[in-house]
Amino acid sequence: MEAAPCPKCKAPMDEGRMSWTGNNSAGYVSNKQTGMLRVVTKISQARACPNCGFVEMYLDPNELKLRLSGK
Ligand SMILES: [Zn+2]
């Protein structure tokens with residue numbers, strides 16, 4: 001993924017990934033996932049702005065589409 005400046009303040013972004021203190025990665029659950037089993041889509045990449053603190057996160061879009069289509 002090409003490096004893009006912070007969308008808020010245009011400062012260079014720092015690349016990383018979501019991480020809680022445990023051994024599991026952070027994940028995303030869509031509001032469209034209304035079933036009993038809300039499978040978390042793993043957030044595979046994150047970028048943070050060292051200037052203003054803005055954080056953007058990326059998951060695997062194909063994995064999310066699978067979650068949204070799979071009933
Ligand atoms: Zn910023």
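Laboratory data are not the source of any read-out in this text; all were calculated from the coordinates shown. Remember, predicted model here, so these are calculated numbers, not experimental data. Virtual Cβ from ideal backbone geometry, glycine too; neighbours counted across all protein chains shown.
For the chain, what is the percent of antiparallel DSSP beta bridges, rounded to the nearest 5?
If we restrict to bridges inside the chain, about 100 percent are antiparallel.
Remark: the chain carries a charge dipole of roughly 360 debye about the Cα centre, counting +1 on each Lys and Arg Cβ and -1 on each Asp and Glu Cβ.
With contacts taken as Cα pairs under 8 Å and at least 6 residues apart, the chain reaches a relative contact order of 31 percent.
The three principal axes of the C-alpha atoms in the chain carry coordinate ranges of 41, 26, 19 Å, sorted with the longest axis first.
Which net charge results for the neighbourhood of residue 28, defined as the other residues with beta-carbon distances under 14 angstrom from its beta-carbon, given Lys and Arg at +1 and Asp and Glu at -1? After counting each charged neighbour, the total is +3.
Number of Lys-Lys pairs in the chain under 24 Å by Cα, sequence gap 8 or more or different chains?
Lysine pairs satisfying the spacing and distance rule in the chain number 5.
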